[in-house]
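What follows draws every value from the coordinates through simple rules; no lab data is involved. Quick caveat: nothing in here was measured; it's all calculated off a predicted structure. FYI the Cβ positions are ideal-geometry reconstructions off the backbone, even for glycines, and counts take in every protein chain you see.
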Amino acid sequence: MAGFLLFHGAGSDRDSPALVAVEDAVRAAHPKVFTDRVNFPYRQRPGRRPPDRAPVLLQAVRDAAAAVPRGPVVLGGRSMGGRICSMAVGDEADPLPASGLVLISYPLHPPGKPDRLRVEHFPRIHVPCLFIHGTSDAFGTPDELTEWTATIPGPVEHVWIERGTHELKGANARVAAAVVAWTKATGVLSARRRS
């Protein structure tokens, strides 16, 4: 059975309306696919907590992927969630098998700090990637994102949300439709095995 897992951004959780919209659309388009929205461990603790360190977040992605029955699995999410998924797939020592990545509002660098790039793992990503990004996102301009995603060996598709900021407010339906169109065009949820 194929799987589709989504992870939230630093300031939200699995019930983020953006993730719910994407999961609902994927489930409707691919009714035989196992879908889930996953909370990182810090979101399961009481009170408002900062995100866990990267090793804990990466292990959470690995644990969730391991729970999917054998078959292709697409990983992704919003902002930090998508970044951590891409880091797991592009891990130098032990890359996580996946058939594709969905990266919504990828945080290319902190706002106002274009020298602090989060791209060192890009050259080790060999699976199809969908980047959905606002043209007014302070975490990376379209030109910056295009430049750095060109270092990814796997096929990369960009969907630009005109005037969209990092939050992509009001664009949930467009984001969900783009994800479904990409899954159908690439066949990432119908492949026989993980990459």
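Inter-label distance, Glu147 to Arg45: 3.7 nm, where each label sits 7 Å from its Cα along the C-beta direction.
Hey, any idea what the orientation-averaged projected area of the convex hull of the range 3-186's Cα atoms comes to, in nm²? Don't jump to the answer; show the numbers that get you there.
Working: hull surface 39.5 nm².
If I average the Cα hull's projected area over directions, I get 9.9 nm².
In a simple Cβ point-charge model (Lys, Arg +1; Asp, Glu -1; nothing else charged), the chain has a dipole of about 600 debye relative to its Cα centre. In the chain, Cα pairs under 8 Å separated by at least six residues give a relative contact order of 23 percent.
State the Kirkwood hydrodynamic radius of the range 79-195 in Å, one decimal place, computed from all pairs of distinct Cα atoms.
Details: mean 1/r = 0.0695 Å⁻¹.
Kirkwood hydrodynamic radius for the range 79-195: 14.4 Å.
In this simple spin-label model, placing a label point 7 Å from the Cα along the Cα-to-Cβ direction at both Gln59 and Asp15 gives a separation of 2.7 nm.
When you count the other C-beta atoms within 10 angstrom of each residue and take the mean per peptide, 149-159, 56-66, 71-81, 95-105 line up highest first as 71-81, 95-105, 56-66, 149-159.
Near Gly76, the amide H atoms lying under 5 Å from its own belong to Leu5, Phe7, Val102; only residues 5 or more places off or on other chains count, and H is placed 1.01 Å from N. Taking 0.36 nm per residue of separation and subtracting the Cα-Cα distance, full extension of the segment from Ala29 to Asp91 would add 19.3 nm. Using C-alpha pairs under 8 Å with a sequence gap of at least 6, the mean separation divided by the residue count of the range 1-96 gives a relative contact order of 40 percent. Taking a Cβ cut-off of under 15 Å around His109, the surrounding Lys, Arg, Asp and Glu residues balance to a net charge of -2, with basic ones at +1 and acidic ones at -1. Projected onto the charge dipole of the chain (+1 at Lys/Arg Cβ, -1 at Asp/Glu Cβ, origin at the Cα centre), which of Ser99, Pro69, Ala18 gives the Cα projection farthest towards the positive end? Of the listed residues, the answer is Pro69. Restriction of the trypsin sites (Lys or Arg not before Pro) in the range 119-195 to DSSP coil positions whose beta-carbon has at most 16 other beta-carbons within 10 angstrom yields Arg163, Lys169, Arg192, Arg193.
Backbone phi angles across the range 17-30, fed through the Karplus curve with coefficients 6.51, -1.76 and 1.60 (θ = phi - 60°), yield HN-Hα couplings of x, 5, 5, 4, 4, 5, 4, 4, 5, 5, 5, 5, 7, 10 Hz in residue order; Gly and Pro are listed as x. With K and R counted +1 and D and E -1, the other residues having a Cβ less than 10 Å from that of Glu167 yield a net charge of +1.
Among 8-17, 38-47, what's the highest-first ranking by average C-beta atoms within 10 angstrom per residue? Walk me through the numbers on the way to the answer.
Working: 8-17: 17.1, 38-47: 14.2.
Top of the packing list down: 8-17, 38-47.
Taking H placed 1.01 Å from N in the peptide plane, check which residues at least 5 places from Thr35 or on another chain put their amide H under 5 Å from its amide H. Amide H neighbours of Thr35: Phe4. Taking amide H as placed 1.01 Å from N in the peptide plane, Val156 has its amide H under 5 Å from the amide H of Cys129, each at least 5 places away in sequence or on another chain. When the square roots of the Cα gyration tensor eigenvalues are ordered a ≥ b ≥ c, the ratio a/c for the range 22-101 is 1.5 or more and a/b does not exceed b/c, which makes its shape oblate. A straight line joining the Cα centroids of the range 49-110 and the range 1-36 runs 14 Å.
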